[in-house]
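The values are calculated or read from the model by the stated rules, or taken from the named source; none is laboratory data. Remember, it's a predicted structure, so these values are computed and weren't measured experimentally. Glycine also receives a Cβ, built like all others from the backbone with ideal geometry; neighbour counts cover every protein chain displayed.
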Amino acid sequence: MVYNLGWGILSIIANGLGIIGYLPEIYSIIIYNKKISITTHIWAIWVVSGFFALSYAMVIKDPYVIMSSCVGIALNLITLTVKYWRRNHEERMKIMNDIYKEDDLVEYEHYILHDHEEFV
């Protein structure tokens, strides 16, 4: 296969635009914990399709498509991982808050019922 520098540059530009598209979502999930409308299932599908694109690129031995596919897969995996971690982190925090509320209530009841008996 004859490599044309123009196609390589076009691949790099397309890959760069893809990165620009992924970074705001990753950033908003990490920093602002915003709920993004794209579901986790869609990101998983994009990861699988990225592996198919990578397989095709390896068959045709095109380094530009291989690089582009690898970067796309990496960004999809990062986004999927961050979304999964954030969702589990929220669930753990909710459980911990519920536990602390129950412990505080038990301590308060113990304080009211037992610690003040001598003053009554």
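What the table below lists for this structure:
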quantity	calculated
Count - residues of the range 65-120 that are of a type in the set (F, W, Y), surrounded by 10 or more Cβ atoms within 10 Å (Cβ to Cβ) and modelled with pLDDT under 65	3
Of all residues making up the range 26-56, the number that are at pLDDT below 75 and among the small types (G, A, S)	2
Count of residues meeting criterion [under 21 Å from G6 (Cα atoms) and touching a residue at least 40 places away in the same chain (Cβ under 8 Å)] in the range 64-93	6
